[in-house]
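Chemist: Submitted below is the structure of interest, expressed as structure tokens.
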Amino acid sequence: MNTGRLAPATVASRCSDLSELDAAIVACRRCPRLVQWRENVALTRRAAYANEEYWGRPVPGFGDPHPRVLIVGLAPAAHGANRTGRVFTGDRSGDWLFASLHRVGLANQSTSISVDDGLELIGARVTAAVRCAPPDNKPTVTERDACAPWLVREWELTDPSVIVALGGFAWQVVLRMLAEVGEPVPRPRPTFGHGTEVSIGERVLIGCFHPSQQNTFTGRLTEQMLDAVMDRAAILAT
């Protein structure tokens, strides 16, 4: 697909399947600040990964092409997915997330180390609201909105019945997306909370604290809490 300098919304709408969408996402250079940051990180690298070649590009979704459950995070980690090229892979957040998905039967293994580690998701797909690693893990509103069409098209192509939003940022992005595509989002928009469930048409949105070190190291999110949300999502999606 020759996308040239077209906006993500135009490019995304022309993607007929996930392989086209993934390729378009990886080629995106829409946000100058994010492009500079992700590429600088890939060049300077962390000392522990000094001998590795970083991905340094936008990161597409990963998992079952026909998921019952879509899990939406914030953005790739600078030395996680921005290094490995697979969402939630190679960092502590991913360690927690995929271990939980394995415990509830949505993944074939508990670890996520590299793109060739054999990990497969079962009826689930993991993606992000913003596809490039942002400075301080904080995308701007402009960057959030520029990236939104990728998630809209991914949702349209996968048609999940349950969406799990990891954190308040992803929660708001998902609600905006569902409203944009004409789903009956309640007004006022529901407030994020861990374990909060909202029925939106024939779908269910569930909130979950993000498995960041800030949450897991402080005990704000425990394995039991994460498993409860993922197990509930799997049950609702059956």
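The values are calculated or read from the model by the stated rules, or taken from the named source; none is laboratory data. As the structure is a computational prediction, the values presented were derived from the model and not from experiment. Here the Cβ positions follow ideal geometry from the backbone for every residue, glycine too, while neighbour counts run over all protein chains shown.
Chemist: For residues that are touching a residue at least 40 places away in the same chain (Cβ under 8 Å) and not in a helix (DSSP H, G or I), scanning just region 222-238, find the one that is surrounded by the fewest Cβ atoms within 10 Å (Cβ to Cβ).
Modeler: 238
Chemist: Pick out the one residue from 112, 100 that is part of a loop (DSSP other than H, G, I, E, B) and more than 19 Å from residue 138 (Cβ to Cβ).
Modeler: 112
Chemist: Also, I was wondering about something else. For region 121-215, which strands (runs of 3 or more DSSP E) that fit wholly inside it have 1 or more residues that are more than 14 Å from the chain's Cα centre (by Cα), exposed (fewer than 15 other Cβ atoms within 10 Å of the Cβ) and not β-branched (Val, Ile, Thr)?
Modeler: 197-200
Chemist: Can you pull out the residues in region 75-97 that are within 20 Å of residue 18 (Cα to Cα), assigned to a loop (DSSP other than H, G, I, E, B) and touching a Gly at 6+ places or on another chain (Cβ under 7 Å)?
Modeler: 87, 88, 89
Chemist: From the list 199, 114, which residue is over 24 Å from residue 24 (Cα atoms) and not hydrophobic (A, V, I, L, M, F, W, C)?
Modeler: On inspection, the qualifying residue turns out to be 199.
Chemist: So the check is Cβ under 9 Å with 6+ separation or different chains; which pairs have a first residue in region 157-176 that's over 16 Å from residue 230 (Cβ atoms) and a second one that's assigned to a helix (DSSP H, G or I) and not aliphatic (A, V, I, L, M)?
Modeler: 169/144; 172/144; 173/144; 173/147; 174/155; 176/144; 176/145
Chemist: Are any residues in region 192-212 of a type in the set (S, T, N, Q) and closer than 13 Å to residue 167 by Cβ, and if so, which ones?
Modeler: Within region 192-212, 196, 212 meet the criteria.
Chemist: For the condition of a type in the set (A, V, I, L, M) and outside any loop (DSSP other than H, G, I, E, B), what is the one hit in 21, 6?
Modeler: Going through 21, 6 in turn, just one is of a type in the set (A, V, I, L, M) and outside any loop (DSSP other than H, G, I, E, B): 21.
Chemist: Among the residues of region 130-150, are any among the charged types (D, E, K, R) and under 17 Å from residue 86 (Cα atoms)?
Modeler: Yes: one or more hits.
Chemist: Across region 81-108, what is the total count of residues that are in contact with an Asp or Glu (Cβ under 8 Å, 6 or more places away or on another chain) and surrounded by fewer than 23 Cβ atoms within 10 Å (Cβ to Cβ)?
Modeler: The total comes to 5.
Chemist: Next question, about the same structure. So is residue 48 of a type in the set (A, V, I, L, M, F, W, C), surrounded by fewer than 16 Cβ atoms within 10 Å (Cβ to Cβ), in a helix (DSSP H, G or I) and under 17 Å from the mean Cα position of the chain (by Cα) or not?
Modeler: Spelling it out, it is not the case that residue 48 is of a type in the set (A, V, I, L, M, F, W, C), surrounded by fewer than 16 Cβ atoms within 10 Å (Cβ to Cβ), in a helix (DSSP H, G or I) and under 17 Å from the mean Cα position of the chain (by Cα).
Chemist: Looking at region 116-141, I want the residues that are farther than 23 Å from residue 158 by Cβ and at pLDDT 95 or above and have a partner that is surrounded by fewer than 20 Cβ atoms within 10 Å (Cβ to Cβ) and among the aromatic types (Phe, Trp, Tyr) with Cβ atoms under 9 Å, at least 6 apart or on another chain. Which pairs are those?
Modeler: 133/37; 134/37; 135/37
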